[in-house]
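The values are calculated or read from the model by the stated rules, or taken from the named source; none is laboratory data. Computed from a prediction, not measured in an experiment: that's the story for all the values here. In this analysis, Cβ positions are derived from the backbone assuming ideal geometry, glycine residues included, and neighbour counts consider all displayed protein chains.
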Amino acid sequence: MSKKIENLIKELDGVVSCTLTGDKDVDEIHIIADKKRDPKRIVRDVETVFLVNNDQKIDHKKISIARIRSNISKNISEFASDRVELISVYTENNRSCCTVKMLIDGQEVEDSFEAQLGEKIEKLIGRSIIDMLNKYFDLGGQLLVEDIFTVQGKEELVIAQISQYNSVRNMLEEKLVGAVYLDNNITLAIAKACLKAVNRKLSR
């Protein structure tokens with residue numbers, strides 16, 4: 001659980017790195033952040049993430065934040081996502097179809113995905129993004145969308161939970177999490193959250 005929360009915190013805007021200490025219970029949360037965001041807002045985001053994933057509050061006194069120059073985190077972000085650029089994502093046909101256009105390694109690609117029986121629109125959008133990546137990247141396993149949901153706080157977060165399975169042994173290898181702020185466009189936010197979840201895989 002601590003590793004899951006740690007990975008989710010790392011995906012928050014402004015966070016460059018994060019480490020949790022403690023065994024069963026989290027004793028401290030140490031964060032390195034850039035100077036773009038107010039530390040108080042980062043603390044509130046961390047409290048929300050911890051509450052949603054651990055079903056209990058974390059004392060804000062356990063959260064320590066060290067701030068660094070913003071260009072450092074920018075360079076890290078650019079390195080992680082330089083192979084994929086999202087051009088557009090939208091739904092049509094009464095939201096039963098999702099079309100994705102990306103720039104992958106400098107080549108523009110586009111594909112459309114039909115909703116599966118009983119599939120919610122949020123899951124369709126996330127699956128469309130992930131299926132595009134499965135198609136064009138050899139990630140050493142199959143990526144699957146486990147869940148897409150929003151977290152209500154002072155600002156609303158969209159969270160994507162992705163699992164990577166070993167195709168040969170049919171075993172779960174790793175759980176990935178991405179989070180972005182919802183800025184009026186839920187479709188775009190879901191797509192960005194999915195890409196943030198798998199960025200580290202794409203940079204290898």
Matching option when the condition is of a type in the set (A, V, I, L, M, F, W, C), at pLDDT 90 or above, surrounded by 14 or more Cβ atoms within 10 Å (Cβ to Cβ) and in contact with a strand residue (DSSP E or B) (Cβ under 9 Å, 6 or more places away or on another chain), among V100, V52, V46: V100
Does V145 fit the bill of being aliphatic (A, V, I, L, M), within 19 Å of N7 (Cα to Cα) and out of contact with any Leu (no Cβ under 9 Å at 6 or more places or on another chain)? yes
From the options K4, K35, K10, K40, residue that is under 22 Å from A160 (Cα atoms) and surrounded by fewer than 16 Cβ atoms within 10 Å (Cβ to Cβ): K4
Can you report the number of residues in segment 103-128 which are within 19 Å of the chain's Cα centre (by Cα), modelled with pLDDT of 90 or more and not charged (D, E, K, R)? 5
Determine if segment 59-77 includes at least one residue that is farther than 20 Å from Q161 by Cα, surrounded by fewer than 14 Cβ atoms within 10 Å (Cβ to Cβ), modelled with pLDDT of 80 or more and in contact with a helix residue (DSSP H, G or I) (Cβ under 6 Å, 6 or more places away or on another chain). yes
Looking at V15, V89, can you tell me which residue is modelled with pLDDT under 85, closer than 27 Å to I129 by Cβ, outside the structural domain of E155 (by TED's automatic domain parsing) and not small (G, A, S)? V15
Residue among V109, V158, V168 that is out of contact with any Cys (no Cβ under 9 Å at 6 or more places or on another chain), surrounded by 13 or more Cβ atoms within 10 Å (Cβ to Cβ), over 23 Å from N94 (Cα atoms) and hydrophobic (A, V, I, L, M, F, W, C): V109
